[in-house]
Amino acid sequence: MLRKKWMALFLIAFLGVAVGYLLKGNGIKSAPSRNEMASVSKTIYTPQKQAKADNGVARVIAYYFHGDIRCSSCRRIEALTKEALKKYFPKELSDGRLEIRVVNVESDKNRHFIKDYALSFQTVILSRRVNGKEVAWKNLKDVWKYLGDKDTFFKYIREETEAMLKGGNAS
């Protein structure tokens, strides 16, 4: 009898640990860390910068698209993208030639982006615009591939953004 009780307790404990592991491992939304909260700020953008940059000068918008539920990897992609762009392109961010926008595609007003860029997962899109019209865009799908290597991630973001600022081609 005592043996059955111990076995039952063991199974309950095992089941509890297994469920906890599965929930955490599958990206169930949890409270973000202090660093993640600091990195998830509003768009670096003002209407004055747009007007200044739209006088025939190309500008690039770096979009980070996400959904309502955000796993730690998704938050890390956003944070690393912002960090890389701020590190390598402070002048372009300051003068409006480069802009960062974080967009929740599950919001009604933003659902059009899913079709516009054929989105099927969280990603970074670079959009080149001249006189307010998009002339080229590129999906930086490899952000997921490089997520575990900050240096390679930064290099990828830097090279793709440089190319787009210089006149990159559409996807």
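Of the helices (runs of 4 or more DSSP H) contained entirely in region 61-122, not one carries at least 3 residues that are in contact (Cβ under 8 Å) with a residue 40 or more places away in the chain and on the phi > 0 side of the Ramachandran plot. Scanning region 146-171 for residues that are at pLDDT below 95, surrounded by fewer than 14 Cβ atoms within 10 Å (Cβ to Cβ) and closer than 20 Å to Phe65 by Cα returns Gly148, Ala170, Ser171. Checking each residue in region 123-171 for being of a type in the set (S, T, N, Q), touching a residue at least 60 places away in the same chain (Cβ under 8 Å) and part of a loop (DSSP other than H, G, I, E, B) picks out only Asn131. In region 120-129, is there at least one residue being surrounded by fewer than 17 Cβ atoms within 10 Å (Cβ to Cβ) and either modelled with pLDDT of 95 or more or closer than 25 Å to Ala58 by Cα (or both)? Scanning region 120-129, I find no residue that is surrounded by fewer than 17 Cβ atoms within 10 Å (Cβ to Cβ) and either modelled with pLDDT of 95 or more or closer than 25 Å to Ala58 by Cα (or both), so the answer is no. Just one of (1) closer than 13 Å to Arg129 by Cα; (2) modelled with pLDDT of 90 or more; (3) more than 20 Å from the chain's Cα centre (by Cα) fails for Ala62. It is (3).
The values are calculated or read from the model by the stated rules, or taken from the named source; none is laboratory data. Every value quoted in this text rests on a predicted model; they were computed, and no experiment measured them. Positions of Cβ are generated from backbone atoms using ideal geometry, with glycine treated the same way; all protein chains shown enter the neighbour counts.
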